[in-house]
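I have placed the structure first, in the form of C-alpha coordinates, so that the comments after it can refer back to it.
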Amino acid sequence: MAVVEAVEAMAGRFRGCLVGALMGDCLGAPFEGEPRASPSVLNSYFRRLNDPDLKVPYKQYTDDTAMMRCVALSLIEEKGYVAQDMAKRFVKEFYAEPRRGYGSNVVDVFAALRATKFRDVYAPAAMQFNGRGSYGNGGAMRAAPIALFCHNSTMQELVDTAKDMALLTHANRLGYNGTVLQCLAVHEALQTPKNDLNCVKFVENLIEKMKQVEKPGKDDILDEGEEPFVYVKKLERVLGLLECKDSVDTDQVEEELGVDISAHKSVATAIYSFVRASCPIPNIETENEFQRTLHYAVSLGGDTDTIASMAGSIAGAYYGIEKVPKNLERHCEALADAIEQADQLHNLVKARASTS
Ligand code: R7I
Ligand code: MG
Ligand code: MG
(Lines give C-alpha, C1' and ligand atoms only; values in the text may rest on other atoms or scores of the structure.)
(Ligands and ions follow the chains in the order given, each with its own letter.)
Protein backbone atom coordinates (compact mmCIF):
# COMPACT_ATOMS: atom_id res chain seq x y z
CA MET A 1 0.00 0.00 0.00
CA ALA A 2 2.84 2.37 0.85
CA VAL A 3 4.17 1.96 -2.69
CA VAL A 4 0.79 2.91 -4.19
CA GLU A 5 0.61 5.99 -1.97
CA ALA A 6 4.14 6.97 -2.92
CA VAL A 7 3.25 6.71 -6.61
CA GLU A 8 0.00 8.64 -6.05
CA ALA A 9 2.02 11.56 -4.70
CA MET A 10 4.07 11.71 -7.91
CA ALA A 11 1.28 12.94 -10.22
CA GLY A 12 2.47 16.56 -10.22
CA ARG A 13 6.02 15.51 -10.96
CA PHE A 14 4.96 13.32 -13.92
CA ARG A 15 3.13 16.36 -15.31
CA GLY A 16 6.06 18.66 -14.56
CA CYS A 17 8.36 16.32 -16.47
CA LEU A 18 6.41 16.18 -19.74
CA VAL A 19 5.33 19.83 -19.58
CA GLY A 20 8.95 20.78 -18.84
CA ALA A 21 10.12 18.87 -21.90
CA LEU A 22 7.47 20.53 -24.08
CA MET A 23 8.26 24.02 -22.76
CA GLY A 24 11.99 23.65 -23.28
CA ASP A 25 11.35 22.60 -26.86
CA CYS A 26 8.77 25.32 -27.69
CA LEU A 27 10.55 28.17 -25.93
CA GLY A 28 14.06 27.09 -26.96
CA ALA A 29 13.27 26.42 -30.64
CA PRO A 30 13.40 30.05 -31.85
CA PHE A 31 17.08 30.16 -30.79
CA GLU A 32 18.26 26.79 -32.17
CA GLY A 33 21.41 27.16 -34.25
CA GLU A 34 21.34 30.98 -33.93
CA PRO A 35 24.17 33.06 -32.46
CA ARG A 36 23.96 32.91 -28.67
CA ALA A 37 21.29 35.34 -27.39
CA SER A 38 22.47 38.13 -25.04
CA PRO A 39 21.33 38.29 -21.39
CA SER A 40 19.13 41.33 -22.12
CA VAL A 41 17.43 39.64 -25.08
CA LEU A 42 16.64 36.54 -23.02
CA ASN A 43 15.47 38.47 -19.96
CA SER A 44 13.04 40.47 -22.07
CA TYR A 45 11.95 37.31 -23.97
CA PHE A 46 10.91 35.58 -20.73
CA ARG A 47 9.50 38.81 -19.21
CA ARG A 48 7.31 39.36 -22.26
CA LEU A 49 6.05 35.76 -22.33
CA ASN A 50 5.22 36.01 -18.61
CA ASP A 51 2.96 39.01 -19.20
CA PRO A 52 -0.58 37.69 -18.52
CA ASP A 53 -2.02 40.11 -21.11
CA LEU A 54 0.24 38.94 -23.94
CA LYS A 55 -1.72 37.32 -26.77
CA VAL A 56 0.46 35.71 -29.41
CA PRO A 57 0.21 32.51 -31.48
CA TYR A 58 1.43 29.27 -29.85
CA LYS A 59 5.13 28.56 -29.95
CA GLN A 60 5.23 25.38 -31.98
CA TYR A 61 6.94 22.24 -30.83
CA THR A 62 9.61 20.58 -32.97
CA ASP A 63 10.80 17.03 -33.70
CA ASP A 64 11.84 16.64 -30.05
CA THR A 65 8.24 16.75 -28.85
CA ALA A 66 6.83 15.08 -31.97
CA MET A 67 8.95 12.00 -31.21
CA MET A 68 8.44 12.18 -27.44
CA ARG A 69 4.68 12.09 -27.98
CA CYS A 70 5.14 8.87 -30.00
CA VAL A 71 7.19 7.32 -27.20
CA ALA A 72 4.58 8.26 -24.60
CA LEU A 73 1.57 7.14 -26.65
CA SER A 74 3.18 3.84 -27.59
CA LEU A 75 4.00 3.03 -23.96
CA ILE A 76 0.45 3.99 -22.94
CA GLU A 77 -1.38 2.02 -25.64
CA GLU A 78 0.86 -1.04 -25.49
CA LYS A 79 1.32 -0.86 -21.70
CA GLY A 80 5.03 -1.36 -22.26
CA TYR A 81 7.81 -1.06 -24.81
CA VAL A 82 6.90 -2.65 -28.16
CA ALA A 83 9.55 -1.88 -30.76
CA GLN A 84 7.39 -2.31 -33.88
CA ASP A 85 4.61 -0.11 -32.58
CA MET A 86 7.00 2.65 -31.58
CA ALA A 87 8.86 2.56 -34.90
CA LYS A 88 5.57 2.74 -36.80
CA ARG A 89 4.48 5.75 -34.79
CA PHE A 90 7.76 7.59 -35.49
CA VAL A 91 7.36 6.98 -39.22
CA LYS A 92 3.66 7.86 -39.34
CA GLU A 93 4.27 11.04 -37.38
CA PHE A 94 7.18 12.09 -39.59
CA TYR A 95 5.27 11.64 -42.85
CA ALA A 96 2.20 13.42 -41.42
CA GLU A 97 4.25 16.45 -40.35
CA PRO A 98 7.75 16.32 -41.82
CA ARG A 99 8.49 20.01 -41.22
CA ARG A 100 9.16 19.85 -37.52
CA GLY A 101 12.93 20.33 -37.86
CA TYR A 102 14.13 16.69 -37.82
CA GLY A 103 17.85 15.79 -37.92
CA SER A 104 19.08 15.36 -41.45
CA ASN A 105 20.06 11.69 -41.19
CA VAL A 106 17.25 10.28 -39.08
CA VAL A 107 14.83 10.90 -41.94
CA ASP A 108 16.72 8.23 -43.93
CA VAL A 109 15.92 5.77 -41.14
CA PHE A 110 12.21 6.60 -41.44
CA ALA A 111 12.33 6.09 -45.22
CA ALA A 112 14.12 2.73 -44.86
CA LEU A 113 11.73 1.54 -42.15
CA ARG A 114 8.79 2.30 -44.42
CA ALA A 115 10.43 0.79 -47.51
CA THR A 116 11.27 -2.46 -45.67
CA LYS A 117 7.77 -2.62 -44.14
CA PHE A 118 9.18 -2.64 -40.60
CA ARG A 119 10.59 -6.18 -41.11
CA ASP A 120 13.56 -5.60 -38.83
CA VAL A 121 12.94 -2.32 -37.02
CA TYR A 122 16.50 -2.04 -35.73
CA ALA A 123 18.23 -2.66 -39.08
CA PRO A 124 17.93 0.76 -40.79
CA ALA A 125 19.41 2.67 -37.83
CA ALA A 126 22.32 0.21 -37.64
CA MET A 127 23.26 1.02 -41.24
CA GLN A 128 23.55 4.80 -40.68
CA PHE A 129 26.97 6.43 -40.96
CA ASN A 130 28.62 3.45 -42.67
CA GLY A 131 27.39 1.02 -40.05
CA ARG A 132 28.56 3.06 -37.06
CA GLY A 133 25.09 4.46 -36.30
CA SER A 134 24.11 8.03 -35.42
CA TYR A 135 25.38 9.76 -32.32
CA GLY A 136 22.84 12.59 -32.64
CA ASN A 137 20.85 13.51 -29.53
CA GLY A 138 17.55 12.35 -31.08
CA GLY A 139 17.29 9.33 -28.76
CA ALA A 140 17.96 11.38 -25.63
CA MET A 141 15.58 14.21 -26.54
CA ARG A 142 12.55 11.88 -26.51
CA ALA A 143 13.53 9.69 -23.56
CA ALA A 144 11.59 11.21 -20.62
CA PRO A 145 8.43 9.03 -20.92
CA ILE A 146 10.61 5.91 -20.51
CA ALA A 147 11.86 7.26 -17.17
CA LEU A 148 8.27 7.89 -16.05
CA PHE A 149 7.08 4.49 -17.21
CA CYS A 150 10.02 2.80 -15.43
CA HIS A 151 9.57 4.83 -12.25
CA ASN A 152 9.19 1.65 -10.15
CA SER A 153 11.24 -0.68 -12.34
CA THR A 154 14.74 -1.95 -11.68
CA MET A 155 17.65 0.08 -12.96
CA GLN A 156 18.41 -2.70 -15.47
CA GLU A 157 14.89 -2.53 -16.93
CA LEU A 158 15.15 1.23 -17.30
CA VAL A 159 18.57 1.03 -18.95
CA ASP A 160 17.52 -1.76 -21.32
CA THR A 161 14.28 -0.02 -22.34
CA ALA A 162 15.99 3.33 -22.93
CA LYS A 163 18.69 1.63 -25.00
CA ASP A 164 16.25 -0.37 -27.11
CA MET A 165 14.08 2.69 -27.76
CA ALA A 166 17.18 4.64 -28.85
CA LEU A 167 18.36 1.82 -31.13
CA LEU A 168 15.33 2.34 -33.37
CA THR A 169 17.15 5.41 -34.74
CA HIS A 170 20.51 5.76 -32.96
CA ALA A 171 22.76 2.70 -33.08
CA ASN A 172 26.00 4.45 -32.13
CA ARG A 173 27.16 3.75 -28.56
CA LEU A 174 27.25 7.51 -27.84
CA GLY A 175 23.73 7.91 -29.21
CA TYR A 176 22.13 5.19 -27.11
CA ASN A 177 24.21 5.73 -23.96
CA GLY A 178 23.28 9.42 -24.06
CA THR A 179 19.66 8.30 -24.14
CA VAL A 180 20.25 6.06 -21.13
CA LEU A 181 21.90 8.93 -19.24
CA GLN A 182 19.03 11.33 -19.95
CA CYS A 183 16.59 8.67 -18.71
CA LEU A 184 18.62 8.07 -15.56
CA ALA A 185 18.72 11.83 -14.90
CA VAL A 186 14.92 12.16 -15.11
CA HIS A 187 14.55 9.06 -12.95
CA GLU A 188 16.99 10.42 -10.36
CA ALA A 189 15.12 13.75 -10.30
CA LEU A 190 11.82 11.94 -9.68
CA GLN A 191 13.37 9.95 -6.83
CA THR A 192 14.96 12.97 -5.14
CA PRO A 193 12.70 14.23 -2.33
CA LYS A 194 11.55 17.82 -2.88
CA ASN A 195 13.67 20.49 -1.18
CA ASP A 196 16.39 17.90 -0.77
CA LEU A 197 18.47 18.37 -3.92
CA ASN A 198 22.16 17.97 -3.31
CA CYS A 199 23.67 18.84 -6.68
CA VAL A 200 26.97 17.06 -6.13
CA LYS A 201 25.25 13.91 -4.90
CA PHE A 202 22.81 14.05 -7.83
CA VAL A 203 25.69 14.04 -10.32
CA GLU A 204 27.74 11.50 -8.36
CA ASN A 205 24.80 9.08 -8.39
CA LEU A 206 24.63 9.40 -12.17
CA ILE A 207 28.38 8.82 -12.44
CA GLU A 208 28.10 5.58 -10.47
CA LYS A 209 25.28 4.34 -12.72
CA MET A 210 27.03 5.37 -15.94
CA LYS A 211 30.17 3.50 -14.83
CA GLN A 212 28.09 0.33 -15.07
CA VAL A 213 26.33 1.36 -18.27
CA GLU A 214 29.54 2.31 -20.10
CA LYS A 215 31.65 -0.61 -18.86
CA PRO A 216 32.71 -2.36 -22.08
CA GLY A 217 31.30 -5.89 -22.35
CA LYS A 218 33.59 -8.75 -23.35
CA ASP A 219 32.46 -8.53 -26.97
CA ASP A 220 32.66 -4.73 -27.19
CA ILE A 221 35.37 -3.39 -29.45
CA LEU A 222 35.97 0.34 -29.28
CA ASP A 223 36.11 2.14 -32.63
CA GLU A 224 39.43 3.67 -33.60
CA GLY A 225 39.92 6.84 -31.57
CA GLU A 226 36.88 6.10 -29.38
CA GLU A 227 37.42 6.73 -25.71
CA PRO A 228 35.79 4.58 -23.03
CA PHE A 229 33.54 6.16 -20.36
CA VAL A 230 32.72 9.29 -22.39
CA TYR A 231 29.67 10.14 -20.26
CA VAL A 232 31.38 9.40 -16.96
CA LYS A 233 34.07 11.88 -17.92
CA LYS A 234 31.51 14.48 -18.99
CA LEU A 235 29.71 14.14 -15.66
CA GLU A 236 33.03 14.54 -13.83
CA ARG A 237 33.43 17.80 -15.71
CA VAL A 238 29.97 18.82 -14.51
CA LEU A 239 31.25 18.32 -10.94
CA GLY A 240 34.29 20.48 -11.77
CA LEU A 241 32.06 23.24 -13.14
CA LEU A 242 29.82 23.10 -10.08
CA GLU A 243 32.88 23.70 -7.90
CA CYS A 244 33.69 26.85 -9.89
CA LYS A 245 30.19 28.23 -9.16
CA ASP A 246 29.50 31.65 -10.72
CA SER A 247 32.91 32.01 -12.35
CA VAL A 248 31.75 29.58 -15.08
CA ASP A 249 30.72 31.43 -18.25
CA THR A 250 28.89 30.16 -21.31
CA ASP A 251 32.12 29.77 -23.35
CA GLN A 252 33.50 27.42 -20.73
CA VAL A 253 30.33 25.31 -20.73
CA GLU A 254 30.43 25.08 -24.51
CA GLU A 255 34.10 24.07 -24.44
CA GLU A 256 33.87 21.51 -21.65
CA LEU A 257 30.41 20.00 -22.14
CA GLY A 258 29.32 21.08 -25.63
CA VAL A 259 26.08 22.57 -26.90
CA ASP A 260 25.50 20.78 -30.19
CA ILE A 261 23.26 18.12 -31.71
CA SER A 262 25.49 15.19 -30.76
CA ALA A 263 24.38 13.32 -27.65
CA HIS A 264 27.81 13.44 -26.00
CA LYS A 265 27.86 17.23 -26.43
CA SER A 266 24.39 17.99 -25.08
CA VAL A 267 23.05 15.49 -22.50
CA ALA A 268 25.55 16.40 -19.75
CA THR A 269 24.93 20.06 -20.64
CA ALA A 270 21.23 19.63 -19.88
CA ILE A 271 22.05 17.95 -16.56
CA TYR A 272 24.43 20.80 -15.69
CA SER A 273 21.70 23.33 -16.58
CA PHE A 274 19.37 21.68 -14.07
CA VAL A 275 21.83 21.54 -11.18
CA ARG A 276 23.34 24.97 -11.83
CA ALA A 277 19.92 26.64 -12.04
CA SER A 278 18.92 25.35 -8.60
CA CYS A 279 20.72 28.50 -7.31
CA PRO A 280 20.55 32.07 -8.67
CA ILE A 281 22.68 32.74 -11.77
CA PRO A 282 24.13 36.16 -12.65
CA ASN A 283 22.18 37.94 -15.44
CA ILE A 284 19.10 35.72 -15.11
CA GLU A 285 16.23 37.70 -13.60
CA THR A 286 13.80 35.04 -12.43
CA GLU A 287 13.50 33.68 -8.90
CA ASN A 288 11.71 30.55 -10.16
CA GLU A 289 14.16 27.64 -10.35
CA PHE A 290 12.22 25.77 -13.03
CA GLN A 291 12.10 28.81 -15.32
CA ARG A 292 15.74 29.54 -14.53
CA THR A 293 16.67 26.05 -15.79
CA LEU A 294 15.04 26.67 -19.18
CA HIS A 295 16.43 30.20 -19.38
CA TYR A 296 19.96 29.04 -18.58
CA ALA A 297 19.82 26.15 -21.06
CA VAL A 298 18.69 28.52 -23.82
CA SER A 299 21.40 31.05 -22.87
CA LEU A 300 24.10 28.50 -23.72
CA GLY A 301 23.18 28.69 -27.42
CA GLY A 302 23.62 25.89 -29.98
CA ASP A 303 20.99 23.14 -29.81
CA THR A 304 18.72 25.25 -27.60
CA ASP A 305 15.41 23.45 -28.14
CA THR A 306 16.86 20.05 -27.31
CA ILE A 307 19.08 21.05 -24.40
CA ALA A 308 16.27 23.14 -22.86
CA SER A 309 13.81 20.28 -23.43
CA MET A 310 16.05 17.69 -21.75
CA ALA A 311 16.85 20.11 -18.89
CA GLY A 312 13.16 21.03 -18.61
CA SER A 313 12.10 17.39 -18.24
CA ILE A 314 14.63 16.85 -15.44
CA ALA A 315 13.66 20.10 -13.69
CA GLY A 316 9.93 19.39 -14.10
CA ALA A 317 10.39 15.90 -12.64
CA TYR A 318 12.06 17.40 -9.59
CA TYR A 319 10.05 20.61 -8.98
CA GLY A 320 6.69 19.33 -10.23
CA ILE A 321 3.97 21.13 -12.19
CA GLU A 322 3.36 23.50 -9.25
CA LYS A 323 6.59 25.33 -10.10
CA VAL A 324 5.81 25.69 -13.81
CA PRO A 325 4.74 29.31 -14.50
CA LYS A 326 1.17 29.27 -15.86
CA ASN A 327 1.80 32.36 -17.99
CA LEU A 328 4.65 30.58 -19.76
CA GLU A 329 3.06 27.18 -20.30
CA ARG A 330 0.03 28.63 -22.09
CA HIS A 331 2.31 29.65 -24.98
CA CYS A 332 3.18 26.02 -25.80
CA GLU A 333 1.43 24.11 -28.57
CA ALA A 334 -0.45 21.01 -27.40
CA LEU A 335 0.05 21.62 -23.68
CA ALA A 336 -3.11 19.65 -22.84
CA ASP A 337 -1.71 16.56 -24.60
CA ALA A 338 1.47 16.63 -22.51
CA ILE A 339 -0.61 16.79 -19.33
CA GLU A 340 -2.91 13.99 -20.49
CA GLN A 341 0.00 11.74 -21.43
CA ALA A 342 1.69 12.39 -18.08
CA ASP A 343 -1.54 11.43 -16.29
CA GLN A 344 -1.95 8.28 -18.36
CA LEU A 345 1.64 7.20 -17.67
CA HIS A 346 1.05 7.93 -14.00
CA ASN A 347 -2.11 5.79 -14.01
CA LEU A 348 -0.21 2.91 -15.62
CA VAL A 349 2.56 3.06 -13.03
CA LYS A 350 -0.03 3.27 -10.26
CA ALA A 351 -1.92 0.26 -11.59
CA ARG A 352 1.28 -1.79 -11.75
CA ALA A 353 2.22 -0.75 -8.21
CA SER A 354 -1.16 -1.89 -6.87
CA THR A 355 -0.85 -5.35 -8.41
CA SER A 356 2.77 -5.99 -7.42
O1 R7I B 1 19.77 12.81 -33.61
P2 R7I B 1 18.73 13.33 -34.50
O3 R7I B 1 17.35 12.86 -34.34
O4 R7I B 1 18.75 14.93 -34.43
C5 R7I B 1 18.22 15.58 -33.34
C6 R7I B 1 18.50 17.06 -33.46
C7 R7I B 1 17.88 17.85 -32.37
O8 R7I B 1 18.65 19.01 -32.13
C9 R7I B 1 16.53 18.25 -32.92
O10 R7I B 1 16.03 19.41 -32.31
C11 R7I B 1 16.81 18.43 -34.41
O12 R7I B 1 17.25 19.71 -34.72
O13 R7I B 1 17.87 17.52 -34.68
O14 R7I B 1 19.10 13.17 -36.03
P15 R7I B 1 20.36 12.51 -36.74
O16 R7I B 1 20.18 12.90 -38.17
O17 R7I B 1 20.49 11.07 -36.40
O18 R7I B 1 21.63 13.25 -36.12
C19 R7I B 1 21.73 14.65 -36.14
C20 R7I B 1 23.06 15.04 -36.75
O21 R7I B 1 24.13 14.62 -35.94
C22 R7I B 1 23.34 14.42 -38.11
O23 R7I B 1 22.61 15.03 -39.13
C24 R7I B 1 24.84 14.65 -38.19
O25 R7I B 1 25.13 15.99 -38.55
C26 R7I B 1 25.29 14.43 -36.76
N27 R7I B 1 25.78 13.04 -36.58
C28 R7I B 1 26.93 12.57 -37.05
N29 R7I B 1 27.90 13.17 -37.79
C30 R7I B 1 28.97 12.43 -38.12
N31 R7I B 1 29.12 11.14 -37.76
C32 R7I B 1 25.17 12.05 -35.94
N33 R7I B 1 25.94 10.91 -35.99
C34 R7I B 1 27.03 11.22 -36.67
C35 R7I B 1 28.20 10.46 -37.03
O36 R7I B 1 28.38 9.26 -36.73
MG1 MG C 1 14.03 20.06 -32.51
MG1 MG D 1 17.47 20.57 -31.36
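Note on the range 222-279: enclosed helices (runs of 4 or more DSSP H) holding 3 or more residues that are modelled with pLDDT of 95 or more and over 14 Å from the mean Cα position of the chain (by Cα) are 230-243, 250-256. Applying the criterion of being touching an Asp or Glu at 6+ places or on another chain (Cβ under 8 Å), more than 14 Å from LEU167 (Cβ to Cβ) and near ligand 1 (Cβ under 8 Å from one of its atoms) to the residues of the range 98-132, the residue that is most open to solvent (accessible area, probe 1.4 Å) is GLY101.
Among residues of the range 247-264 that are on the phi > 0 side of the Ramachandran plot, those with a beta-carbon under 6 Å from a residue that is open to solvent by 60 Å² or more (accessible area, probe 1.4 Å) at least six positions away or on a different chain give the pairs GLY258/LYS265. I'd like to know if the range 5-24 contains one or more residues that are free of Cβ contacts under 8 Å to residues at least 12 places away in the same chain, under 23 Å from the mean Cα position of the chain (by Cα), surrounded by fewer than 24 Cβ atoms within 10 Å (Cβ to Cβ) and more than 16 Å from ligand 2 (Cβ to nearest atom). Yes, the range 5-24 contains a residue that is free of Cβ contacts under 8 Å to residues at least 12 places away in the same chain, under 23 Å from the mean Cα position of the chain (by Cα), surrounded by fewer than 24 Cβ atoms within 10 Å (Cβ to Cβ) and more than 16 Å from ligand 2 (Cβ to nearest atom). Out of everything in the range 292-301 that is of a type outside the set (Phe, Trp, Tyr) and in a helix (DSSP H, G or I), what residue ends up being farthest from ligand 3 (Cβ to nearest atom)? Only one residue fits best here, namely ARG292.
Of the residues that sit in the range 210-243 and are closer than 24 Å to ARG132 by Cβ and acidic (Asp, Glu), which one is least open to solvent (accessible area, probe 1.4 Å)? The extreme case among them is GLU214. Looking across TYR135, TYR95, one residue alone is touching a His at 6+ places or on another chain (Cβ under 9 Å) and open to solvent by 50 Å² or more (accessible area, probe 1.4 Å). It is TYR135. Suppose we filter ALA308, ALA268, ALA338, ALA277 for residues that are under 19 Å from LEU235 (Cβ atoms), touching a Ser or Thr at 6+ places or on another chain (Cβ under 9 Å) and not β-branched (Val, Ile, Thr); which single one remains? After applying the criteria, what remains is ALA277.
The set of residues from the range 28-78 being within 11 Å of ligand 2 (Cβ to nearest atom) and touching a residue at least 40 places away in the same chain (Cβ under 8 Å) comprises GLY28, ALA29, GLU32, GLY33, GLN60, TYR61, THR62, ASP63, ASP64, THR65, MET67, MET68.
Note on the range 302-337: among residues that are open to solvent by 10 Å² or more (accessible area, probe 1.4 Å), hydrophobic (A, V, I, L, M, F, W, C) and in a helix (DSSP H, G or I), the one that is farthest from ILE76 (Cα to Cα) is ILE321.
The values are calculated or read from the model by the stated rules, or taken from the named source; none is laboratory data. Please read these numbers as outputs of a predicted model, since none were measured by experiment. Every residue, glycine as well, gets a Cβ built from its backbone with ideal geometry; the counts of neighbours run over all protein chains shown. Ligands, DNA and RNA are excluded from the accessible area calculation, which covers all protein heavy atoms including side chains. Shrake-Rupley method; radii C 1.70, N 1.55, O 1.52, S 1.80 Å.
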